[in-house]
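Working notes for the structure below.
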């Protein structure tokens, strides 16, 4: 668990390819996120899947959600990037498929629970 303002939190991203997002639509819960590693698009479930597939909001590729660092967890956690004011560094663990966000003091890990 990570801490934000002294509260436990965890954000899970499912990952896959754009071609596999149809499976995500069949089982998604409203608010759940899916990151397509091939197109670098981020999808957020607008509804919960049930008798019909969930509807997804799409945030298009590198212009909106740019993961500039792709490396192993060990290399990511050993790094200390310099962030511009009010910005964070987002990394993707090639070995863990987890996301790592550096906000100026430590890395927060967002586990891929898929």
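Taken together, the values in this text are just the output of simple stated rules run on the coordinates, not laboratory data. What you are looking at is a predicted structure, and each value in this text was computed from that prediction instead of being measured. Cβ coordinates were reconstructed from backbone atoms using ideal geometry, including for glycine residues, and neighbour counts include every protein chain displayed.
Between residue 48 and residue 101, the modelled labels are 2.4 nm apart [label points 7 Å from Cα along Cα→Cβ]. Over the range 67-114, Cα pairs under 8 Å with separation of 6+ residues give a relative contact order of 33 percent.
Sorting the segments 44-52, 91-99 by their mean number of nearby beta carbons within 10 angstrom, highest to lowest, gives 91-99, 44-52.
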